[in-house]
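Everything below concerns the one structure shown next.
The values are calculated or read from the model by the stated rules, or taken from the named source; none is laboratory data. Fair warning: this is a prediction, and the values are worked out from it, not measured in the lab. Note: ideal-geometry Cβ built from the backbone for every residue, glycine included; neighbour counts use all protein chains shown.
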Amino acid sequence: MLVTLKELVQLAYKSDYAVPAFNIHTYEDAVAIVKGAEEMKSPVILMASPSAIKHLGIKVAACIMNELAQNAVVPVVSHLDHATDLDIIFKAMKVGFSSVMYDGSNLSFEENVQNTKLVVRVARAFGVSVEAEIGRVGKSEEGEEVIQILTEPDAASRFFELTQVDALAVAVGTAHGMQKQEAQINFERVEEIQNVVDVPLVLHGSSGVPDEDLTKISKMRFGKINIGTVLKTVYVDRIRKVLQEQPQLKDQIRLLQEASIAVTEMVKHKIKLLNSSGRM
Ligand SMILES: [Zn+2]
C-alpha cells in the first residue's frame, strides 16, 4: 500500500529500527526492492533521485513507484530525493509522490528556511510529507566534490522549529557515492543533535556505513536510512558477471532479471541490519 513518509518515520524513530530508503533508477530495480521488502515484511521507501527523474521522467517515476506501492503487501512510500528546484517539488506533488525532499543545503540558513516553509505549506494541502536538509552531506564520487558541513545542533533545532518538516536530513560523517563501507559517523554529534531536536532524522550516503554502525544508527533517532550506491554497484556487477559467463546471451529480460536478484539480496541484507523486518 502507498503511504506517506510521515506515517512510517513517526513509528520508527523512537523505536529500535529505521525504515530503509532505496534509490530506484529503472523499473527493474524498483520491482526488486519491493520484492526484498515484501520477503522481509519490512516497510520501505522508494526514492527517485535527480538522475532517476532525468532518466525516467517525473511522471513515469511516480507511476512506477505508486503502482508498485499499491500492489505491495508492505507499506511503501514514493519519495522525491534531493530536489533543489521548487518547480520539480510541486510537479512531484501533482503527479502523486507521497513524499518529497527539498534540499536547500547549498543555500543560506534563511533561504533554506524560507523555501522549506513554502514547500511544507503546499505539501500539507496535498497530504504529502516533507524532508529537508540542514548541514550538508558531502559527495565522494569522482568529479563532483561537495564539501561536507557537519550539522550544528542549534541550527537543526532552529530549523525544525521554523519549518516543522516531517523528517530532517543531517550531516554526521557520511558521504554520497561511497564504494567502500568506510564512513566514520560522528556519534557524539548525533547525540548532541538528538538532545536538542525531537524529529525523525535521516541519514544520507548510508552505503558507506559499516554494518555494525548501520545497526547502531537504526536504534538511535533515525527514522529513514538512505541507501543508493551499493544497489547500483551490485546491479551492474551482476550484469557484468552474467555477460562474462554467458557471452551468447541475447535476451535483455533475462539479463535484467539476473541483476534484479542481486538487488533483492542486498535489500534484504540492509533490512536485516536496520532491524526493520516484521515491522509492516
Ligand atoms: Zn542523499
Sole exception among (1) small (Gly, Ala, Ser); (2) in contact with a helix residue (DSSP H, G or I) (Cβ under 7 Å, 6 or more places away or on another chain); (3) within 30 Å of LEU118 (Cα to Cα) for ALA171, by number: (2)
Of residues in region 67-87 being buried (at least 16 other Cβ atoms within 10 Å of the Cβ) and over 16 Å from the mean Cα position of the chain (by Cα), the one nearest to the ligand (Cβ to nearest atom): LEU68
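Picking from TYR17, TYR102, TYR27, which residue would you name as being in contact (Cβ under 8 Å) with a residue 24 or more places away in the chain, more than 21 Å from VAL130 (Cα to Cα) and among the aromatic types (Phe, Trp, Tyr)? Step through it out loud before you land on a result.
Details: TYR17 fails: more than 21 Å from VAL130 (Cα to Cα); TYR102 fails: more than 21 Å from VAL130 (Cα to Cα).
After applying the criteria, what remains is TYR27.
Could you say which residue among GLY228, GLY205, GLY177 is surrounded by fewer than 18 Cβ atoms within 10 Å (Cβ to Cβ) and within 11 Å of the ligand (Cβ to nearest atom)?
Details: GLY228 fails: surrounded by fewer than 18 Cβ atoms within 10 Å (Cβ to Cβ); GLY205 fails: surrounded by fewer than 18 Cβ atoms within 10 Å (Cβ to Cβ).
Every option except GLY177 fails the conditions.
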Region 56-75 residues that are among the β-branched types (Val, Ile, Thr), paired with ones that are modelled with pLDDT under 95 (beta carbon under 7 Å, 6 or more apart): VAL74/MET280
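Given the options ALA123, ALA183, ALA132, name the one that is away from the ligand (no atom under 16 Å from the Cβ) and either part of a helix (DSSP H, G or I) or at negative phi (or both).
Details: ALA183 fails: away from the ligand (no atom under 16 Å from the Cβ); ALA132 fails: away from the ligand (no atom under 16 Å from the Cβ).
Just one listed residue meets the conditions, ALA123.
Would you say ASP154 is closer than 25 Å to VAL44 by Cβ and either away from the ligand (no atom under 16 Å from the Cβ) or surrounded by fewer than 15 Cβ atoms within 10 Å (Cβ to Cβ) (or both)?
Values: closer than 25 Å to VAL44 by Cβ: no; either away from the ligand (no atom under 16 Å from the Cβ) or surrounded by fewer than 15 Cβ atoms within 10 Å (Cβ to Cβ) (or both): yes.
Answer is no for this residue.
Yes or no, residue by residue, for (1) within 15 Å of VAL44 (Cβ to Cβ); (2) of a type in the set (A, V, I, L, M, F, W, C):
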position	(1), (2)
THR215	no, no
SER218	yes, no
LYS224	yes, no
LEU243	no, yes
ASP251	no, no
ILE261	no, yes
VAL267	yes, yes
Residue match in region 30-37 (condition: crowded, with 23+ Cβ neighbours inside 10 Å, within 16 Å of the ligand (Cβ to nearest atom) and touching a residue at least 12 places away in the same chain (Cβ under 8 Å)): no
